[in-house]
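> Sharing a structure with you now.
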Amino acid sequence: MTIATRFPTGLYGITPDWSDFDRLYHAIEQACAAGLPILQWRRKHTPFELACEQARRVALCCQHHGTLFVVNDDWRLALEVGADAVHLGRDDGDIQEAKADIAAASKHLLIGVSCYNQIELAQQAIANEVDYFAFGAVFPSTVKPDAVHAPLHLFEEAKQLLTASLSPQLPNSMLNASDTTATVDSLDMILTPPTRPTIVGIGGITLSNAKQVIDAGADSIAVISGLFETADIYQTCKDFMTLFATKH
Ligand SMILES: Cc1ncc(COP(=O)(O)OP(=O)(O)O)c(N)n1
Ligand SMILES: Cc1ncsc1CCOP(=O)(O)O
Ligand SMILES: [Mg+2]
């Protein structure tokens, strides 16, 4: 049985830290036009008003192309610009506070978190019912040269955690058709099928090493330089996406 993920899988582009907004917007348009499934707006040190104005334009571009739009660090900005999701790292506030604020605004935001190289954080993320969690840096990153190294075996370990966390919901009981409780459980399963968080890898990922991360068990790979610092962003995006198309 395949359990659906709550967050898309595949290529997850993250914006580079370019000061020239027009250049950045054009680069984002190329990736989105190529079919990029997920884009994260990661722009530090921008005053809130300007961040809103820029992020709203990018959100519209994503909407136009069917790209899921994630805002980094700040759920209030994500709510303000109508993003689909927010990414929270260890310094970006408390996840329960984020959930409470989102609910108070009567809105919905998918939530993703950083787990660095710690399987314990993945366990917490699963318990917090986040929509994805990310390990990184899987390879040295020029964007974050001081990031901890996240070895590839973490992806398999995380998959095992997910299997263990889902097993109470899975239809073991369906094996015994004479069990009436089992029938109720099974109906529940049909009405509300179980879902799981997406597992993301980040850090130093390029077209040359991405397959290692996917083969290790990542459902999604998050990429800045390997996508946006290339000569043909449209084609690079297509090439990354091919790696997922030929996954099995
Ligand atoms: C998909 C994804 N994974 C990890 C990060 C890193 O988040 P964080 O640790 O909060 O660091 P900054 O990106 O905010 O510098 C991310 N942004 N996206
Ligand atoms: C935000 C972040 N977190 C860990 S590594 C990283 C930067 C990823 O950028 P690149 O894909 O260029 O290595
Ligand atoms: Mg952050």
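The values are calculated or read from the model by the stated rules, or taken from the named source; none is laboratory data. Computed from a predicted structure; not experimentally measured. Don't worry about glycine lacking a Cβ; one is built from the backbone with ideal geometry, like all the others, and counts go over all protein chains shown.
> Does segment 12-23 contain any residue that is among the small types (Gly, Ala, Ser), more than 13 Å from ligand 1 (Cβ to nearest atom) and part of a helix (DSSP H, G or I)? It would help to see each step written out before you state the result.
Applying the first criterion (among the small types (Gly, Ala, Ser)) to segment 12-23 yields 13, 19.
Remaining after also requiring more than 13 Å from ligand 1 (Cβ to nearest atom): 19.
Going one step further and asking which of them are part of a helix (DSSP H, G or I), we end up with none.
Checked segment 12-23: no residue is among the small types (Gly, Ala, Ser), more than 13 Å from ligand 1 (Cβ to nearest atom) and part of a helix (DSSP H, G or I).
> So which pairs qualify, if the first residue must be in segment 151-170 and within 29 Å of Leu187 (Cβ to Cβ), the second must be surrounded by 11 or more Cβ atoms within 10 Å (Cβ to Cβ) and among the acidic types (Asp, Glu), the Cβ gap must be under 9 Å, and the two must be at least 6 apart or on different chains?
Final answer for the pair search is Gln169/Asp185; Gln169/Asp188.
> Here is a further query. Starting from residues that are within 22 Å of Asn72 (Cα to Cα), crowded, with 17+ Cβ neighbours inside 10 Å and not hydrophobic (A, V, I, L, M, F, W, C), keep the ones in segment 207-248 and report whichever is nearest to ligand 1 (Cβ to nearest atom).
Ser220
> Quick one: which of Ala83, Ala78 is in a loop (DSSP other than H, G, I, E, B), of a type in the set (A, V, I, L, M, F, W, C), at negative phi and free of Cβ contacts under 8 Å to residues at least 60 places away in the same chain? Give the derivation first.
Details: Ala78 fails: in a loop (DSSP other than H, G, I, E, B).
None of the other options fit; the residue is Ala83.
> Which ones in segment 81-93 are touching a strand residue (DSSP E or B) at 6+ places or on another chain (Cβ under 9 Å) and either away from ligand 2 (no atom under 16 Å from the Cβ) or at pLDDT below 95 (or both)? Walk me through it before giving the result.
Pass one, segment 81-93, residues touching a strand residue (DSSP E or B) at 6+ places or on another chain (Cβ under 9 Å): 81-90, 92.
Selection gives Val81, Gly82, Ala83, Asp84.
> Can you give me the number of residues within segment 117-146 that are more than 23 Å from Leu77 (Cβ to Cβ) and either within 12 Å of ligand 2 (Cβ to nearest atom) or not polar (S, T, N, Q) (or both)? Give the steps one after another, and end with the answer.
Here is the first cut: in segment 117-146, the residues more than 23 Å from Leu77 (Cβ to Cβ) are 117-124, 126-127, 135, 137-142, 145-146.
With the extra rule that they be either within 12 Å of ligand 2 (Cβ to nearest atom) or not polar (S, T, N, Q) (or both), the set shrinks to 117, 119-122, 126-127, 135, 137-142, 145-146.
Total meeting the criteria: 16.
> From Ser114, Ser106, grab the single residue that is more than 21 Å from Ser19 (Cβ to Cβ) and surrounded by fewer than 18 Cβ atoms within 10 Å (Cβ to Cβ).
Details: Ser114 fails: surrounded by fewer than 18 Cβ atoms within 10 Å (Cβ to Cβ).
Only one candidate passes the filter, namely Ser106.
> Moving to a separate point now. For Thr206, which of the numbered conditions (1) polar (S, T, N, Q); (2) modelled with pLDDT under 95; (3) within 16 Å of ligand 2 (Cβ to nearest atom) fails to hold?
The one condition Thr206 does not meet is (2).
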